[in-house]
Amino acid sequence: MNVRRRAGVASLAACLVVAMGGCATQPALVESPLGHVELVDTPFHPQRRYQCGPASLATVLGASGVAVTPGGLEPLVYLPGRKGSLQVEMQAAPRSYGRLSYRIEPELPAVVSELDAGRPVLVLHNYGLPGWPRWHYAVVIGHNAQADQLILRSGMERREVWSARNFMRAWDNGDRWALVVLQPGELPKAPDKDRYLEAAAAFENVAAPHDAWLAFDAAARAWPAAPVAWIGRGTAKYRERNFHAAAADYEVALRLEPGHAGARNNLAMTLLEQGCARAARQQLDMIDVAGLNEAMREAVIDSSRQVDAKLGLDKVPYGISTENCIGSSTHHESQSQGSVSTRTAPL
Amino acid sequence: MKSTHLRSTFVGILALAIVNPGFVNTAQAGIAGTEAMVSTARDLHIAGLQGQLERADVRSELARLGVDPAALDARIANLSDSELATLSKRLHDAPAGGNVVAVIGVVFIVLIILEVVGVIDIFKKNP
């Protein structure tokens, strides 16, 4: 027994020496111009049994200015039958609190640059073995480039220091899932256009119109040539019943991509709201329905029905205009053209 | 059991859709949500009735897994169409983060791995 223990200690020591030797020859994983960052003001919520999802989500939301407890988040993310929280729901829940969630690049430098920008990063770790996974959510709140370490709020630990190498092992086994929580209008450090627009579009479904506007406005500033950014802005204005501003944004999108069915459909509905059913019909006639995805095709068919109902109701013979919309449409055109140049410029 | 449940959900939704045609296209009459225009939407083929069915299905599965009925609406509403599709496929096998594993556990696991791989042999009896 004694011998065995001594042998164990000896091999452990040998192992440590090997490991340290290994560290010395391998390059550091954490690299940052700031050297050492620790977001000490990040709240800490020690987790209860199985509740690392709600606890770590409360931590990143708190850092983003949302005061919420793990108990408050439990009904939104905890799944009793699975004794844990699923990534998809962890990603969706911040929308209830007026925040976007954005999955960052699955690379350590992306985590480090978010920390450098002052944002803690929610990660999924796997401490198990192949075929025996042990999933755990934690929040990275700091790094130390000199020591090649990461600092986490995790479980019951307020400040858990991990070597970058061990962190990567657990993160790799969790498929390198990492999330940041953004205020409307805030962009991640190195945003991917498509991924950000997707996050903003998912946010739009539950967000207040002005919050959605802020999220898409930030996208329109970052990628002025992306039609979807302008469409999102326009739809936020449409929901506020500011049809004039909505039409202007949809027209910007259409100038960027004249064949954009979504922009064309929504412009038609905006025109209809403004009492311009005939102009709306003309917009809809320009849409090539073939090749649209199902959701878009349904929207276009529905728009058509509404526009035709209005045309029938007003008994306007097709081809005879009683609307004063052509003028107002060109008015939009010239006005938004004017504003595009100012919008796409510095901002 | 599950199929009866699915069928009753289907019948319910169908009845609702027939009585109230507006039900199928709830969001904003005619206007298309930006979600239908983002890159992932290109190959996503859920909309209208089918989307409603999928939502109803995930909703009842979440309830079956013990989610508080009062929170079901908010949980479903928060999901984008593509997230909903992911959830409906992987509700039972997607990673569910929840465990606290003490550091001692991690060390133990690492030692087991090293043992199995043959780097160390602390678990073997000395000759």
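Among the residues of the range B:75-90, the ones that are buried (at least 21 other Cβ atoms within 10 Å of the Cβ) and within 7 Å of chain A (Cβ to nearest Cβ) come to 5 in all.
If the condition is being assigned to a loop (DSSP other than H, G, I, E, B), under 15 Å from residue A:94 (Cα atoms) and open to solvent by less than 50 Å² (accessible area, probe 1.4 Å), then the range A:207-229 contributes only A:207. Within the range B:64-84, the set of residues being among the small types (Gly, Ala, Ser), under 26 Å from residue A:293 (Cβ atoms) and touching a helix residue (DSSP H, G or I) at 6+ places or on another chain (Cβ under 7 Å) comprises B:80, B:82. The conditions of being at pLDDT 95 or above and either more than 22 Å from residue A:30 (Cα to Cα) or touching a Gly at 6+ places or on another chain (Cβ under 7 Å) (or both) are not met by residue A:113. Residues of the range A:66-86 that are assigned to a helix (DSSP H, G or I) and among the basic types (Lys, Arg): A:82 alone. If you check residue A:152 against the conditions, is it farther than 28 Å from residue B:116 by Cβ and not in a helix (DSSP H, G or I)? No; evaluated as a whole, the condition is false for this residue. Of the set (1) within 12 Å of chain B (Cβ to nearest Cβ); (2) open to solvent by 10 Å² or more (accessible area, probe 1.4 Å); (3) within 28 Å of residue A:208 (Cβ to Cβ), all apply to residue A:256 but (1). Counting residues in the range A:66-81 that are aromatic (Phe, Trp, Tyr), over 17 Å from the mean Cα position of the chain (by Cα), open to solvent by 10 Å² or more (accessible area, probe 1.4 Å) and at pLDDT 95 or above gives one or more.
If I filter the range A:269-290 for residues that are touching a residue at least 12 places away in the same chain (Cβ under 8 Å), open to solvent by less than 10 Å² (accessible area, probe 1.4 Å), within 9 Å of chain B (Cβ to nearest Cβ) and of a type outside the set (Asp, Glu), do I get at least one hit? Looking for residues that are touching a residue at least 12 places away in the same chain (Cβ under 8 Å), open to solvent by less than 10 Å² (accessible area, probe 1.4 Å), within 9 Å of chain B (Cβ to nearest Cβ) and of a type outside the set (Asp, Glu), one finds at least one in the range A:269-290, hence yes. Just wondering, is there one or more residues in the range B:38-61 that are modelled with pLDDT of 85 or more, surrounded by 17 or more Cβ atoms within 10 Å (Cβ to Cβ), farther than 25 Å from residue A:56 by Cα and of a type in the set (Lys, Arg)? Scanning the range B:38-61, I find at least one residue that is modelled with pLDDT of 85 or more, surrounded by 17 or more Cβ atoms within 10 Å (Cβ to Cβ), farther than 25 Å from residue A:56 by Cα and of a type in the set (Lys, Arg), so the answer is yes. Within the range B:94-110, is even one residue assigned to a loop (DSSP other than H, G, I, E, B), of a type in the set (A, V, I, L, M, F, W, C), under 30 Å from residue A:162 (Cα atoms) and at pLDDT 85 or above? Yes, the range B:94-110 contains a residue that is assigned to a loop (DSSP other than H, G, I, E, B), of a type in the set (A, V, I, L, M, F, W, C), under 30 Å from residue A:162 (Cα atoms) and at pLDDT 85 or above. Restricting the range A:87-146 to residues that are assigned to a strand (DSSP E or B) and open to solvent by 20 Å² or more (accessible area, probe 1.4 Å) leaves a set whose member that is nearest to the other protein chains (Cβ to nearest Cβ) is A:135. Of all the listed residues (A:134, A:195), the sole one being within 30 Å of residue B:113 (Cα to Cα) and charged (D, E, K, R) is A:134.
The values are calculated or read from the model by the stated rules, or taken from the named source; none is laboratory data. Not measured: the values here are computed from a predicted model. Please note: Cβ atoms are built from the backbone with ideal geometry, for glycine as well, and neighbour counts cover all protein chains shown. For accessibility, only protein heavy atoms count, side chains too; no ligands or nucleic acids. Shrake-Rupley method; radii C 1.70, N 1.55, O 1.52, S 1.80 Å.
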